[in-house]
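Presented below is the structure to which this report refers.
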Amino acid sequence: MSVSTAAEAARAVQLRRDLEQHNYNYYVLDQPTIADGEWDKLFHELLALETAHPELATPDSPTQRVGSKPLESFASVTHRVPMLSLGNAFTDEDIDNFDRRCREGLDVAEVEYSCEAKFDGLAISLTYENGQFVQGATRGDGTVGEDVTQNLRTVRSIPLAIDSKAARLEVRGEVLMLRKDFDKLNARQAARGEKLFVNPRNASAGSLRQLDPKLTAERPLTFFAYGIGAIEGAELPVSHSALMDWLAALRFPVALQRRVVRGAAGLLDFYREIGALRPSLPFDIDGVVYKVNRFSQQQSLGFVSRAPRFAIAHKFPAEEATTVLLGIDVQVGRTGAITPVARLQPVFVGGTTVSNATLHNEDELKRKDLKIGDTVVVRRAGDVIPEVAAVIYAKRPADASEFVMPTACPECGSAIIKLEGEAVARCTGGLICPAQRKQALLHYAQRRAVDIEGLGDKLVDQLVDGDIVHTPADLYKLGVAALAGLERMAEKSATNLVASIEQSKSTTLAKFLFGLGIRHVGEATAKDLAKHFGKLDAIMDANIGQLLEVNDVGPVVAESLRKFFDQPHNREVVEQLRAGGVHWKEHEPAAVTGPSEGPFAGKTVVLTGTLSGMSRDEAKEKLEALGAKVSGSVSKKTDYVIAGEEAGSKLDKARELGVAVLDEQQFLALLQGD
Ligand code: 5U1
């Protein structure tokens, strides 16, 4: 070990600054400006410098996050300012009452509130002395918590040093795990044959209470600040919203979902808005929190027992509940995919009673080691199909029974097979299978395909079960008399349906092709094929090589198209549809419809997140008019991903693949030709 030179000392300072800035960009702003490999290189350079010259190491160095020695137990920490809990509200009336109490208590006509999302994580307190992070503690009982400093040092969104002159500052907030990190963690647990976590909250709790900080360091925890405890040697801002801005300026992560509003109406608007956003947020929330904004007013309202009078949590319906798995059935999808479905003891979750939940596929069933009779956690988030999120093995009864995947389709008796490399088992019955036939008809009739208004699932059930309709071509033979005899079909609705069937005859090649329900041929691919070939016969007769020439068509899609049109019965249905009067405008192959120049000409673009200035459909239309193809998924062939607010997994994928990402402003600039 040698004494460090001035250049080495300066380099260590620079590396620390750069690494913390990159941490902040990545973990707080979610805008990385450096590749992971590059970060690792800088980190190892600093580690090597500090190892060779220990006098260069500082307690707030990024190298000090990684995890020190395991503890025997956690020490107790008495909070200088108690960590309060919040009263709960569930109804609009509860909120009116809360607002009335605040108005009356303050003797004002209207109150200003600061609203924010309520994280479903674990409350913690972080103590900074003279700008250095010195202690982190769990909430515990609100008065005494556990010292988890070592573990919290590993959470990269928590700053180890802050630019504040406060002799002491306690920052309060919540540790949680982002949904995408939770999914990755559970996939890793499964690959290692280790136990799966029930939800991000449990995973966070388990991770934070590890005695060995190296284990916590392996868990992707994050942090959001929502308040402070003790503050010494610095001035407290005048309001909660100003405090949040101050914490953000000190580089603490704070939720973007916060707003200052007035009166109960403002609170309820915020509640509904965040409720609608809830399923698309990157983390779990269980409600929103309202706080009287001005600290002077908070102080005059004070506390009742251990909860503040000036704040309240407005809870959302729970997204998870436990119930019993009564049985497992299988459902057959449009392409024959067999989905195991859980039959559950009915349970109220996510605001409705749930008695069925998807189990996805056989592999998922095995992964969860699910048995009939098990107590399970059911999750229903927003409008997403309910799913069995976890099994509570401790409650497994002795007579719990294994589910055996059927070998024959329950709808048509055809063999069920699972192709190598595919997670999904499929019924081989094709259109012989009534379940597949029903789905195929609904797919053909949907708005994005030929658009037959009024052809819903109840009607399709009757048409297929009554042997009236076998293929989409049969729809064009239906008359008012045949339809009017069906359940829930009066003469008027039958007449309307016949009219809308008639109307659907005039369509586009892309919509017709999409409507045929060929595996892997979604709307965007159908548009590509129509644009490239111009005529249906050209598509039906194209060989694999010709199909591969189409933008975004790969071997899987090409193979699927060939297989579909090689089946005589599929060609027959197409001919019957044409004979029945279904038509569209055809054009010469590869006619160029959009401009051939400009930033988006010939480019494949994916839209993700919410754009503030236009709807997704408007953006799509504008892009297509400029010659772009708008695709639904990100691949190596994608030229641009346009990312609005709350962009999710598509943005992650773009970053992973190194695809160019445009934010809304950059997108608008290109649209305007700047
Ligand atoms: N977002 C948020 N969660 N939460 C929890 N703010 C917030 N504030 C709290 C608690 C217990 O307490 C303060 C009002 C004291």
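The values are calculated or read from the model by the stated rules, or taken from the named source; none is laboratory data. Everything numeric here is computed off the predicted structure, so don't read it as measured data. Note that we place each Cβ from the backbone using ideal geometry, even for glycine, and neighbour counts take in every protein chain shown. Surface areas here come from the heavy atoms of the whole protein model, side chains and all, with no ligands, DNA or RNA. Shrake-Rupley method; radii C 1.70, N 1.55, O 1.52, S 1.80 Å.
Quick check for you: which residues of region 616-641 have the amide N under 15 Å from the point 7 Å beyond the Cα of ARG655 toward its beta carbon? Label zone hits: 641.
For region 116-210, compute Rg over Rh where Rg is the Cα radius of gyration and Rh is the Kirkwood radius from the inverse mean 1/r over Cα pairs.
Taking Rg over the Kirkwood Rh, I get 1.03.
Listed as lacking a disulfide-compatible partner in the chain: CYS102, CYS115, by the criterion of no other cysteine Cβ under 4.7 Å. Specify the inter-centroid distance of region 27-57 and region 320-349, based on alpha-carbon positions, in whole Å. Using only Cα atoms, the two centres lie 48 Å from each other. Region 599-670 and region 396-444 have their alpha-carbon centroids 36 Å apart.
Test of understanding: given the chain, find the longest segment containing no trypsin sites (Lys or Arg not before Pro) that are in a DSSP loop and have at most 10 other Cβ atoms within 10 Å.
Working: sites that count: LYS165, ARG192, ARG447, ARG488, LYS585, LYS636.
Value returned for the longest uninterrupted segment is 193-446.
Amide H contacts of GLU112: ASN293, each under 5 Å away and 5 or more positions distant or on a separate chain (H built 1.01 Å from N in the peptide plane; Pro and chain starts excluded). Two numbers describe the Cα atoms of region 121-270: Rg and Dmax, which are 16.8, 52 Å.
Thinking of region 31-129 as a set of Cα atoms, what percent of all their pairs are more than 22 Å apart? Show your work: numbers first, answer last.
Numbers: 3148 of 4851 pairs.
Above the 22 Å cut-off, region 31-129 has 65 percent of its Cα pairs.
For THR428, the solvent-accessible surface with a 1.4 Å probe is about 80 Å², rounded to the nearest 10. Convex hull over the Cα atoms of region 441-486, averaged projected area in nm²? Projected over every direction and averaged, the Cα hull of region 441-486 covers 3.0 nm².
Helix 179-191 and the longest principal axis of the C-alpha atoms of the chain enclose an angle of approximately 80°.
One quarter of the surface of the convex hull around the alpha-carbon atoms of the chain equals 38.0 nm², the direction-averaged projected area.
Full-extension gain between GLN446 and SER300, please, as 0.36 nm times their residue separation minus the C-alpha to C-alpha distance.
Working: separation 146, 0.36 × 146 = 52.56 nm, distance 5.90 nm.
Value of the extension gain: 46.7 nm.
Compute the label zone of ALA579 within region 465-483: residues whose backbone N is under 11 Å from the point 7 Å along Cα-to-Cβ. Within reach of a label on ALA579: no residues.
Give me the orientation-averaged projected area of the Cα convex hull of region 311-376, in nm², one decimal. All intermediate terms of the calculation are to be shown ahead of the outcome.
Numbers: hull surface 23.9 nm².
Taking a quarter of the hull surface, the average projection is 6.0 nm².
Centre-to-centre separation between the Cα atoms of region 69-130 and those of region 212-276: 11 Å. Relative to the dominant Cα principal axis of the chain, helix 616-625 is inclined by about 60°. Restricting region 349-424 to GluC sites (Glu not before Pro) that sit in a DSSP loop and have at most 12 other Cβ atoms within 10 Å of their own Cβ leaves GLU402, GLU420, GLU422.
Extension gain GLN331-ASP183, at 0.36 nm per residue separation less the Cα-Cα distance, in nm? Could you put the intermediate results ahead of the total?
On the way: separation 148, 0.36 × 148 = 53.28 nm, distance 2.53 nm.
Extending this stretch completely gives an extra 50.7 nm.
The mean accessible area for residues of the chain, using a 1.4 Å probe and ignoring ligands and nucleic acids, is 48 Å² per residue. Restricting region 457-512 to GluC sites (Glu not before Pro) that sit in a DSSP loop and have at most 10 other Cβ atoms within 10 Å of their own Cβ leaves GLU487. Between amide H atoms placed 1.01 Å from N, distances below 5 Å from VAL661 occur with VAL641, all of them 5 or more places distant or on a separate chain. Between LYS214 and ASP369, the modelled labels are 2.6 nm apart [label points 7 Å from Cα along Cα→Cβ]. Between 0 and 90 degrees, the angle of helix 263-277 with respect to the longest Cα principal axis of the chain falls at about 60 degrees. Each of THR154, SER114, THR143 was placed along the dipole of region 1-159 (beta-carbon charges, centred on the mean Cα), and the one lying farthest toward the positive end is THR154.
Using the structure shown, list the pairs from LYS477/LYS527; LYS195/LYS650; LYS180/LYS366 with a Cα-Cα distance above 26 Å, or answer none. Check vs 26 Å cut-off fails for LYS477/LYS527; LYS195/LYS650.
Pair-distance distribution of region 6-65: all C-alpha pairs, bin width 10 Å, starting at 0; shares per bin in whole percent are 23, 55, 20, 2.
Normalised by residue count, region 533-615 yields a Cα convex hull volume of 166 Å³ per residue.
Annotation: amide H-H contacts under 5 Å for LEU607 (H modelled 1.01 Å from N, sequence separation of 5 or more, or interchain): SER631, ILE642.
222 nm [θ] for the chain, helices only, -39500 (n - 2.57) per DSSP H run of 4+, per residue, to 500? List each step's numbers first, then the result.
Numbers: 25 runs with 244 residues, N = 674.
Mean residue ellipticity at 222 nm (helix-derived): -10500 deg cm²/dmol.
Restriction of the GluC sites (Glu not before Pro) in region 90-138 to DSSP coil positions whose beta-carbon has at most 15 other beta-carbons within 10 angstrom yields GLU110.
Convex hull volume of the Cα atoms of region 431-590, normalised per residue: 96 Å³. Each of ILE432 and ASP40 was given a label point 7 Å from its Cα along the Cα-to-Cβ line. The distance between the two points is 5.3 nm.
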